[in-house]
Amino acid sequence: MEEKYKQQPSNCLKVVLFGPESTGKTTLSRQLARYYSSVWVPEYAREYLQNKWNNERKTCEPKDLLPIAEGQMRFENELSKKTDSVLICDTDLLETKVYSEAYYLGSCDPILEKHALENTYDLYFLTYIDTPWEADDLRDKPEHRMEMFQAFQNTLKKYNRPYILLKGDKKERLKKAIRCIDELLKKKNNVYR
């Protein structure tokens, strides 16, 4: 049963865009996948929750988090088979855990938490809140951006995840991210020689 939340082994480098909503994660994910002629894993929660909003006019509830986690891992596991270089993940289960704790009184489903902590990635890019807020049907609480950023950063520190802070405009972020990924790819290639 829990297999559907588990990360499958792969040969690619896995990078996660991590941070509050409306901080440029999807834009940068697409740019990086294009740059590396690779694939990116979209955020399943956006599709799931937009459908829920369109059909029921309801927002996310705690009962939605496990289906979101299942869909996210299905996307990631399928797409990780399509590259042997770098997989760009628009999000991961650790991000879902942060939102669960922020929105639902500090709680997180034990299954989600277990897999959020067990799944591993080579690098996280923590996106700062210096991008303009873009409202949509799903985004809320623009006045809490700093609190959410701190929750994301604290989570990366608490669980000792390797991360790089990305600030600045789109070009600056892309340039820094490429430099960091190139370094990781170089290390990975040296290991396999």
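The values are calculated or read from the model by the stated rules, or taken from the named source; none is laboratory data. Worth saying up front: this structure is predicted, and the values here are computed from it rather than measured. Here the Cβ positions follow ideal geometry from the backbone for every residue, glycine too, while neighbour counts run over all protein chains shown.
Out of the stretch 28-46, which residues are over 23 Å from residue 113 (Cβ atoms) and outside any loop (DSSP other than H, G, I, E, B)? Result: 28, 29, 30, 31, 32, 33, 34, 35, 39, 40.
Of all residues in the stretch 42-54, at least one satisfies being at pLDDT 95 or above and either within 25 Å of residue 174 (Cα to Cα) or in contact with a His (Cβ under 8 Å, 6 or more places away or on another chain) (or both).
Within the stretch 74-96, being under 11 Å from the mean Cα position of the chain (by Cα) and part of a helix (DSSP H, G or I) holds for 76, 93, 94, 95, 96. Being modelled with pLDDT of 95 or more and either in a loop (DSSP other than H, G, I, E, B) or loosely packed, with under 15 Cβ neighbours inside 10 Å (or both) is a description that does not apply to residue 134.
Scoring residue 58 on the criteria (1) outside any loop (DSSP other than H, G, I, E, B); (2) basic (Lys, Arg); (3) more than 26 Å from residue 161 (Cα to Cα) leaves a single failure, condition (1). Tell me which residues, restricted to the stretch 70-126, are small (Gly, Ala, Ser) and within 25 Å of residue 173 (Cα to Cα). Selection gives 80, 85. For the stretch 141-155, taking the residues that are under 18 Å from residue 106 (Cβ atoms) and of a type in the set (A, V, I, L, M), the one that is surrounded by the fewest Cβ atoms within 10 Å (Cβ to Cβ) is identified as 151.
Residue check: residue 155 meets all listed conditions (1) within 19 Å of the chain's Cα centre (by Cα); (2) hydroxyl-bearing (Ser, Thr, Tyr); (3) part of a loop (DSSP other than H, G, I, E, B) but one, namely (3). Looking at the stretch 6-27, which of its residues are part of a helix (DSSP H, G or I) and either basic (Lys, Arg) or under 18 Å from residue 161 (Cβ atoms) (or both)? Passing the criteria: only 25.
Consider the stretch 85-107 and keep the residues that are free of Cβ contacts under 8 Å to residues at least 40 places away in the same chain and surrounded by fewer than 20 Cβ atoms within 10 Å (Cβ to Cβ). The one that is nearest to residue 183 (Cα to Cα) is 106. Only one of the numbered conditions (1) surrounded by fewer than 19 Cβ atoms within 10 Å (Cβ to Cβ); (2) more than 24 Å from residue 4 (Cα to Cα); (3) not aliphatic (A, V, I, L, M) is not met by residue 46, and that is (2).
Can you pull out the residues in the stretch 156-173 that are touching a Ser or Thr at 6+ places or on another chain (Cβ under 9 Å) and buried (at least 16 other Cβ atoms within 10 Å of the Cβ)? Across the stretch 156-173, the qualifying residues are 161, 166, 173.
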